[in-house]
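Before any comments, here is the structure.
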Amino acid sequence: MLGAMAVAAVLNTWALGQNGYANIFYSAGVKSMLQSWHNFFFLSADPGGLVSIDKPPLGLWVEAASAKVFGFSPLSLLLPEALMAVAAVAAIYLIGLRRYGVLAATVSSLTLAVFPSFVAVSRDTNVDTLLILLMILACGAALRATESGRLRSLLSCAVLVALAFNTKGLAAAIVVPAIAVGYMWCAPG
């Protein structure tokens, strides 16, 4: 797991500053969000608070929190995405390890860590990395719920899907049919 996380960390942070502000629309939105609580809560793309960004708030709130703590700079916007990518690689490893063993967990986590499109979105200010992390965690919770039949695990899966929805809207719904069918087919009782 540490090897896969190290590969992900290197691929996602190496020369990260060369990307500048990456997607400048979202970066400008984060800058606007730092100017007032109104702009923060309503994801205002402009300093006047009239136009909102075309995404749900959670992913941009993470970037705004990082920019508030570390100052508004390209690295303060891009680093949370890179760190969430490393967390996603760790999550894939831990989910796979419990069910399929070390080899499958290592292969799956390394595959995610080096997958070109995953590396590309992890080096940008788009909110896809948080969406991927939350969907991986939701699938892990669904597997736990399927194995145990416990309502608490199923509810944690639902909360994670809701957080993913609050990150990028209906893109989060892509995992819902598989989770529902898997739970109905395989859960005890």
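The values are calculated or read from the model by the stated rules, or taken from the named source; none is laboratory data. This is a predicted model, so every value here is computed, not measured. Using ideal geometry, Cβ is built from the backbone for each residue, glycine included, and neighbour counts are taken over all protein chains shown. Keep in mind that these areas ignore ligands, DNA and RNA; they rest on the heavy atoms of the full protein, side chains included. Shrake-Rupley method; radii C 1.70, N 1.55, O 1.52, S 1.80 Å.
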- Query: When region 9-29 is examined, which residues are found to be modelled with pLDDT under 85 and small (Gly, Ala, Ser)?
  - Reply: Ala15, Gly17, Gly20, Ala22
- Message: Give all pairs with beta carbons closer than 9 Å in which a residue from region 21-43 that is more than 15 Å from Val127 (Cβ to Cβ) and outside any loop (DSSP other than H, G, I, E, B) meets a residue that is of a type in the set (Gly, Ala, Ser) and open to solvent by 40 Å² or more (accessible area, probe 1.4 Å); count only pairs at least 6 apart in sequence or on separate chains.
- Response: Ser32/Gly48; Asn39/Gly48
- Message: Every residue in region 1-29 that is among the aromatic types (Phe, Trp, Tyr) and open to solvent by 40 Å² or more (accessible area, probe 1.4 Å), please.
- Response: Trp14, Tyr21, Phe25
- What number goes with the only condition from (1) at pLDDT 90 or above; (2) open to solvent by less than 40 Å² (accessible area, probe 1.4 Å); (3) under 12 Å from the mean Cα position of the chain (by Cα) that Ser32 does not pass? (3)
- Message: Taking the conditions exactly as written (modelled with pLDDT of 90 or more, closer than 24 Å to Gly140 by Cβ and open to solvent by 50 Å² or more (accessible area, probe 1.4 Å)), does Phe72 satisfy them or not?
- Response: no
- How many residues does region 47-68 hold that are out of contact with any Leu (no Cβ under 9 Å at 6 or more places or on another chain) and farther than 19 Å from Ala22 by Cβ? 5
- Which residue, of Ala145, Ala173, Ala162, is open to solvent by less than 60 Å² (accessible area, probe 1.4 Å), at pLDDT 90 or above and touching a Cys at 6+ places or on another chain (Cβ under 9 Å)? Ala145
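Yes/no per residue for (1) open to solvent by 50 Å² or more (accessible area, probe 1.4 Å); (2) touching an Asp or Glu at 6+ places or on another chain (Cβ under 9 Å); (3) in a helix (DSSP H, G or I):
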{"residue": "Gly59", "(1), (2), (3)": "no, yes, yes"}
{"residue": "Glu63", "(1), (2), (3)": "no, yes, yes"}
{"residue": "Glu81", "(1), (2), (3)": "no, yes, yes"}
{"residue": "Leu94", "(1), (2), (3)": "yes, no, yes"}
{"residue": "Leu112", "(1), (2), (3)": "no, no, yes"}
- Message: For Ile92, only one of the following conditions fails: (1) more than 13 Å from the chain's Cα centre (by Cα); (2) more than 30 Å from Leu34 (Cα to Cα); (3) at pLDDT 90 or above. What is its number?
- Response: (1)
- Query: Just to be sure, is Ala145 touching a residue at least 24 places away in the same chain (Cβ under 8 Å) and either under 26 Å from Thr13 (Cβ atoms) or touching a Phe, Trp or Tyr at 6+ places or on another chain (Cβ under 8 Å) (or both)?
  - Reply: yes
- Query: Which ones in region 60-105 are under 19 Å from Leu2 (Cα atoms) and of a type in the set (Val, Ile, Thr)?
  - Reply: Val86, Val89, Ile92, Ile95, Val102
